[in-house]
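Single-structure report; data block below.
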Ligand code: UP5
Ligand code: MG
């Protein structure tokens, strides 16, 4: 696919910052297609004849970043599949994609920007660890996610600070980050998001 017809906004933030929650709002109101790298990896992990299933499982439980080749391939396939379905098109202007939880390591960011599709900007949800931990432990009571437990959460936070924040800082230097405080209620946060989207011409 051509970057001329695919418009990408990255959605980043720590584990439990509310990326998925806010993406659902943006899909409803702005006609974005939503691709969560974590969801794609979990689906691949559960696919019966996947050669990567075992590896993905270990990385996710450990809060580590799965080697980029796997994730980028899953994202490219998912974008192509959405384009084939004709989804996400906005009046002849191409298709808008929210890529949620990616890129979360510098190698992924540089590769995706130069070889797949440059992003328009990054929506970054900024939330303190105590709040994110509370949300994730609560979700863990019912989510069934292998990484929603105290031990994995601690590892996910460490990876976020050491490996993923440098990506946010890199895009920030390029003036391509929209930072939103993400501690209040989902509704209040979304009001701020809508305002900031407006400033970006949406
Ligand atoms: N909630 C949401 N907003 C709230 C608010 N304002 N107030 C109170 N509660 C709020 O929300 C989390 C929970 O909080 C929910 O219960 C929600 O109702 C509530 P959610 O919207 O799901 O937050 P989100 O930021 O999407 O949290 P998630 O757990 O999905 O974040 P992660 O970044 O940890 O998970 P992801 O699925 O992206 O990645 C999982 C793993 O996959 C990674 O750790 C990594 O091992 C692997 N991965 C890679 O290797 N490479 C990649 O590129 C991507 C992932
Ligand atoms: Mg999520």
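How many of the residues making up the stretch 120-141 are surrounded by fewer than 20 Cβ atoms within 10 Å (Cβ to Cβ) and not in a loop (DSSP other than H, G, I, E, B)? Talk me through it step by step, then tell me what you get.
Within the stretch 120-141, the subset surrounded by fewer than 20 Cβ atoms within 10 Å (Cβ to Cβ) is 120-121, 126, 128-131, 133-135, 137-141.
Filter again for not in a loop (DSSP other than H, G, I, E, B), leaving 120-121, 126, 129-131, 133-135, 137-140.
The number of residues fulfilling the criteria is 13.
If residue 144 satisfies all but one of (1) in a loop (DSSP other than H, G, I, E, B); (2) surrounded by fewer than 20 Cβ atoms within 10 Å (Cβ to Cβ); (3) touching a residue at least 12 places away in the same chain (Cβ under 8 Å), what's the number of the condition it fails?
(3)
How many residues are outside any loop (DSSP other than H, G, I, E, B) and at pLDDT below 95 if we restrict to the stretch 80-101?
Residues meeting the conditions: 8.
Take the stretch 35-60 and flag every residue that is within 28 Å of residue 25 (Cα to Cα) and surrounded by 14 or more Cβ atoms within 10 Å (Cβ to Cβ).
If the condition is that a residue be within 28 Å of residue 25 (Cα to Cα) and surrounded by 14 or more Cβ atoms within 10 Å (Cβ to Cβ), then 35, 36, 37, 38, 39, 40, 41, 42, 43, 44, 45, 60 are the ones that fit.
Among the helices (runs of 4 or more DSSP H) confined wholly to the stretch 1-70, which include 1 or more residues that are within 11 Å of the chain's Cα centre (by Cα) and within 14 Å of ligand 1 (Cβ to nearest atom)?
Helices (runs of 4 or more DSSP H) meeting the threshold: 19-30, 37-46.
Can we say residue 156 is in a helix (DSSP H, G or I), at pLDDT 95 or above and crowded, with 17+ Cβ neighbours inside 10 Å? Please lay out each step first, then the result.
Values: in a helix (DSSP H, G or I): yes; at pLDDT 95 or above: yes; crowded, with 17+ Cβ neighbours inside 10 Å: yes.
So residue 156 passes the test.
If you check residue 104 against the conditions, is it part of a loop (DSSP other than H, G, I, E, B), buried (at least 20 other Cβ atoms within 10 Å of the Cβ) and in contact (Cβ under 8 Å) with a residue 60 or more places away in the chain?
In short, yes.
The values are calculated or read from the model by the stated rules, or taken from the named source; none is laboratory data. Note that this is a predicted model, so its numbers are computed, not measured. In this analysis, Cβ positions are derived from the backbone assuming ideal geometry, glycine residues included, and neighbour counts consider all displayed protein chains.
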